[in-house]
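One structure is given below, encoded as structure tokens.
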Amino acid sequence: MAETITTESNQYLTFRLGEEGFAIEISRIREVLDFTDLTKVPRTPDYMRGVINLRGNVVPVVDLRLQLGMSAVEKTVDTCIVIVEVEIGSDLLHVGMLADSVQEVVDIDPHQIESAPKLGTRLKTDFIKGMAKRDDKFNIILDIDKVLSGDDLQMLGAVRNEEVAVA
């Protein structure tokens, strides 16, 4: 029998990356933006697509598909930037994540959420909080603080600070 886990919130923003459904706790979402032009920052990893100006603040934008080992996001009319809040030590950083499309905000009962599958010792799945079954499909619930490693977050914070200094 599958182990059931509990999470902090019952509301999640669901979105698609390719054919897969993902979800993030709504409390971590700041806003969803239409895709806009990005300013590429030299010498950053491929998944770091650039930065945007969000009401006078520099916000780094990552390609979540690349970060998760998928192919890069292809820009369509549904492509959007999900602004999330992630923790860097004691600081909070706003990061934009490219998504193929945003679906909806849903209530997911904690009993519908199963723990992340154990895929062997070589595959890292600690960024998955759980799997929520909805309408015969799964939404992968991401632990947004673990999607990006500590080094990634430090680099994003440095990019934001350098851009602020240049502006």
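Every number in this text was worked out from the coordinates using simple rules, so none of it is lab data. Because the structure is predicted, anything quoted here is derived from the model rather than measured. We place every Cβ from the backbone using ideal geometry, glycine too, and count neighbours over all the protein chains shown.
Structure values in brief
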{"item": "The range 42-56 - phi-based ³J(HN,Hα) in whole Hz, Karplus 6.51/-1.76/1.60, Gly and Pro as x", "result": "x, 6, 10, x, 4, 5, 7, 7, x, 10, 10, 9, 10, 6, x"}
{"item": "Amide H contacts of I128 (H built 1.01 Å from N, under 5 Å, at least 5 apart or other chain)", "result": "D143"}
{"item": "Spin-label pair V77/D46, simplified geometry with 7 Å Cα→Cβ offset, distance in nm", "result": "3.0"}
{"item": "Interchain or long-range residues, amide H under 5 Å from L54's placed H", "result": "V59"}
{"item": "Charge tally in the Cβ shell below 15 Å around K137, where Lys, Arg are +1 and Asp, Glu are -1, K137 excluded", "result": "-3"}
